[in-house]
Amino acid sequence: MTTYTICMESVPEIACMAHVAELPGCHTLASGERAALAALPAVIERHRAWRQAHGLSAGGDNAVTLTVAQVINGPRPWQLAGASALFSLDRRILDDGEIAEHLRLLACARADMLRGAHAVPRGAYDEALPAHPRTLRQLLTHLADTEVWLLSRLGRRVAVAEPDPLRRLIDVRARALEHITRYDREDRDLVFVPTAQPSEDPDEMWTLRKLLRRMIEHELAHLEDMDAAVAHWSQSGAE
């Protein structure tokens with residue numbers, strides 16, 4: 001049996017985001033803490049299957065036990081300009097193996113995203129998607145621009161003028177990797193308070209571990225949107 005450590009960001013009576021510490025990127029958003037915990041076993045199972053599909057360790061056994069390590073009330077990372085919590089686990093220094101794991105997860109998620117984007121004809125990039133607020137072009141641009149914003153949480157400024165959404169994604173990721181891999185081991189637990197484009201909490205704190213966690217979570221969350229775009233186009237093309 002595998003015990004997973006859970007950290008939560010909660011706004012009572014509104015929503016709760018739960019994160020699985022041992023599986024970077026694995027998270028869920030629900031109406032409250034109980035709902036988030038109830039949803040996690042299925043979310044973990046899907047995440048572990050995704051890891052295995054990419055040749056990665058599943059990160060645990062099928063039998064799951066959840067241990068809530070920390071709940072922070074107030075942050076709302078699911079909202080535009082919403083602050084996100086700095087958990088105690090986010091303060092742990094990253095070793096070389098963990099850096100490599102996080103970068104591999106980012107690479108796998110981005111490969112899935114680009115594979116989906118290439119499966120849709122460019123002429124369909126501006127089509128409205130049922131039940132989704134963004135077109136495919138807007139989704140890809142959002143991913144790139146959010147990555148730029150996330151890098152700015154650690155004081156890294158990236159200027160990207162590329163208008164093509166796919167090239168923009170590739171350009172931003174190259175710049176992100178350039179910045180991330182520059183951190184020496186002794187600097188990986190530094191705490192940053194962003195001054196450019198701050199969130200709703202001007203004292204919000206970030207570390208390299210938190211940045212990588214949020215980058216993977218954001219990419220994986222929007223993979224569902226990409227899958228929906230591919231499915232929509234496939235169905236439309238078959239009709």
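Tabulated values for the structure
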quantity	calculated
Subset of segment 4-17 [farther than 25 Å from residue 107 by Cβ and either in the same structural domain as residue 221 (by TED's automatic domain parsing) or surrounded by 17 or more Cβ atoms within 10 Å (Cβ to Cβ) (or both)]	6, 8, 9, 10, 15, 16
Residue pairs meeting the criteria (Cβ under 7 Å; at least 6 apart or on separate chains; first assigned by TED's automatic domain parsing to the domain that holds residue 106 and within 30 Å of residue 192 (Cβ to Cβ), in segment 210-239; second aromatic (Phe, Trp, Tyr) and modelled with pLDDT of 90 or more)	none
Per-region count, segment 148-199, residues farther than 26 Å from residue 87 by Cβ, of a type in the set (D, E, K, R) and within 17 Å of the chain's Cα centre (by Cα)	0
Test: residue in segment 187-196 that is in contact with a Cys (Cβ under 9 Å, 6 or more places away or on another chain), under 26 Å from residue 160 (Cβ atoms) and assigned by TED's automatic domain parsing to the domain that holds residue 160	no
Condition met for residue 38 (touching a helix residue (DSSP H, G or I) at 6+ places or on another chain (Cβ under 9 Å) and closer than 23 Å to residue 223 by Cβ)	no
Unmet requirement for residue 222, which otherwise passes all of (1) modelled with pLDDT under 90; (2) touching a Leu at 6+ places or on another chain (Cβ under 7 Å)	(1)
Matching residues, segment 184-199, being over 15 Å from residue 152 (Cα atoms) and either among the basic types (Lys, Arg) or surrounded by 13 or more Cβ atoms within 10 Å (Cβ to Cβ) (or both)	185, 188, 189
Positions within segment 68-86 being in a loop (DSSP other than H, G, I, E, B) and surrounded by 15 or more Cβ atoms within 10 Å (Cβ to Cβ), in sequence order	75, 76, 77, 78, 82, 83, 84, 85, 86
Residue satisfying all of: in segment 1-37; small (Gly, Ala, Ser) and outside any loop (DSSP other than H, G, I, E, B); nearest to residue 224 (Cα to Cα) among these	30
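The values are calculated or read from the model by the stated rules, or taken from the named source; none is laboratory data. Quick caveat: nothing in here was measured; it's all calculated off a predicted structure. Methodologically, a virtual Cβ is constructed for each residue, glycine included, from the backbone with ideal geometry; neighbour enumeration extends over all protein chains shown.
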